[in-house]
Amino acid sequence: MAGASKNKIGPGDAVLIRVNNALADQPIGDVFYVEPMGTIALGPSYGRVDVSGLSILEAEEAVKKHLMTVVENPQVQLTLAGRAAPSATFAGASTYPIATTTAAPSYRTVFDKQDRYAPQDATTIPDQPLLERIDAMKANIQALQDELAKLKMQSEKAANAHALDRQ
């Protein structure tokens with residue numbers, strides 16, 4: 001079964017991790033999913049932290065201890081953002097998630113521009129940074145598609161030139 005017991009973190013669970021004093025060019029303040037091996041990938045500069053089977057407070061302490069090897073005096077807050085979907089194994093030993101209707105959309109508190117972790121009020125909005133990242137990814141995909149089209153045209157021109165040289 002995906003996830004862990006009621007009070008423990010397990011594979012597939014989602015945790016919101018916020019860190020003050022993280023690297024300036026690589027802030028940590030997002031939802032991270034627990035990987036199948038029980039770790040959270042915090043990013044290339046930070047590495048992975050094993051949190052499987054830990055309580056929220058234990059996981060928070062594990063992340064803090066891990067980050068202390070990279071940054072000075074990290075201030076960490078870890079909260080459970082979502083549980084892994086329950087799963088069932090059918091004939092053939094394949095595991096399929098069980099559909100649930102209790103999952104709510106992810107919302108984040110509105111944060112002040114000076115201190116991104118200081119709530120302005122109790123208003124919640126959809127996760128705007130996620131939407132911005134999706135838009136940026138769409139733009140990157142379009143740029144890559146344009147570049148691919150240019151490369152295909154260059155390749156065709158080179159192939160045609162090569163064919164003319166052979167004649």
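Bear in mind that the values in this text are calculations on the coordinates, not laboratory data. Predicted model, so just to flag it, every value in this text is computed and none were measured. Neighbour counts run over all protein chains shown; Cβ positions are idealised from the backbone, glycine included.
Listed values for the range 135-140 are Karplus-derived 3J(HN,Hα) couplings in whole Hz (6.51 cos²θ - 1.76 cosθ + 1.60, θ = phi - 60°), namely 4, 5, 5, 4, 5, 5, and x replaces Gly and Pro. Derived scalar couplings between HN and Hα for the range 43-50 equal x, x, 6, 9, x, 10, 10, 7 Hz in order, rounded to whole Hz, by the Karplus curve 6.51 cos²θ - 1.76 cosθ + 1.60 (θ = phi - 60°), x for Gly and Pro. Each Lys and Arg contributes +1 and each Asp and Glu -1, all at the Cβ; summed about the Cα centre of the range 127-167, the dipole is approximately 260 debye. Panel order for Ser155, Ser52, by other beta carbons found within 10 Å of each beta carbon, from fewest to most: Ser155, Ser52. At an R0 of 45 angstrom, the distance between the Cβ atoms of Met153 and Arg133 translates into a FRET efficiency of 0.90. For the range 127-167, the Kirkwood radius over C-alpha pairs fed into Stokes-Einstein at 20 °C and 1.002 mPa s yields D = 172 µm² per second.
The slack between Ile141 and Gln75, meaning 0.36 nm per residue of separation minus the straight C-alpha distance, is 20.2 nm.
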